[in-house]
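Have a look at the structure below before the remarks.
The values are calculated or read from the model by the stated rules, or taken from the named source; none is laboratory data. Fair warning: this is a prediction, and the values are worked out from it, not measured in the lab. Ideal geometry is used to build each Cβ from the backbone, glycine not excepted, and the neighbour counts take in all protein chains shown.
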């Protein structure tokens with residue numbers, strides 16, 4: 001319970017001798033556990049990678065794409081149909097002048113890495129409803145459903161840090177508005 005202890009210490013520091021009543025209503029792991037329960041109810045295998053995944057968004061996407069390929073090709077570390085769940089907060093090194101956010105950037109890199117597979121869908125969102133400084137929570141894709149948008153050069157969008165623009169053109173931004181809660185980012189990769 002390191003998070004709980006940090007909150008209590010922060011409360012004590014700011015209120016000094018005042019009595020603090022701290023109650024944790026949601027944590028990143030609680031969100032992942034809830035998603036895992038729902039996936040199992042739907043008959044899916046699950047792999048929960050944890051709630052503290054960090055690193056460059058597009059590099060994390062490459063690693064998770066490798067796990068997805070292992071599931072598709074070999075049925076390990078979990079057989080399909082399954083969902084790979086993870087949380088935490090990645091970062092983006094901005095080199096272009098597009099719009100994005102770490103979740104959309106992660107998802108665009110994942111989309112590119114898994115573009116040869118028609119049995120994959122994924123979503124990546126910030127649970128507070130705001131991906132970086134944008135108005136979206138994140139984005140989604142489903143390689144198994146046809147896109148109404150024209151063919152887009154996903155690599156060019158990624159190189160320009162314009163994942164927002166890419167998913168906007170596809171109509172695949174997740175727009176929730178502010179949720180007034182934050183249990184980090186949430187990522188799910190569905191393999192059918």
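Worth pointing out:
- Exclusive hit being in a helix (DSSP H, G or I), under 26 Å from residue 93 (Cα atoms), at pLDDT 95 or above and under 21 Å from the mean Cα position of the chain (by Cα), set 39, 61: 61
- Restricting attention to the stretch 143-158, the residues that are at pLDDT below 95 and buried (at least 16 other Cβ atoms within 10 Å of the Cβ) add up to 2.
- If the condition is being closer than 17 Å to residue 56 by Cβ, crowded, with 24+ Cβ neighbours inside 10 Å and over 10 Å from the mean Cα position of the chain (by Cα), then the stretch 110-130 contributes 110, 111.
- Among the residues making up the stretch 117-143, those that are in contact (Cβ under 8 Å) with a residue 40 or more places away in the chain and either assigned to a strand (DSSP E or B) or more than 22 Å from residue 181 (Cα to Cα) (or both) are 117, 119, 120, 121, 122, 123, 124, 125, 126, 138.
- Criterion (free of Cβ contacts under 8 Å to residues at least 40 places away in the same chain and in contact with a strand residue (DSSP E or B) (Cβ under 8 Å, 6 or more places away or on another chain)) met by exactly one of 108, 152, 114, 170: 170
- Every residue from the stretch 29-55 that is over 15 Å from residue 78 (Cβ atoms), out of contact with any helix residue (DSSP H, G or I) (no Cβ under 9 Å at 6 or more places or on another chain) and in contact (Cβ under 8 Å) with a residue 24 or more places away in the chain: 29, 30, 31
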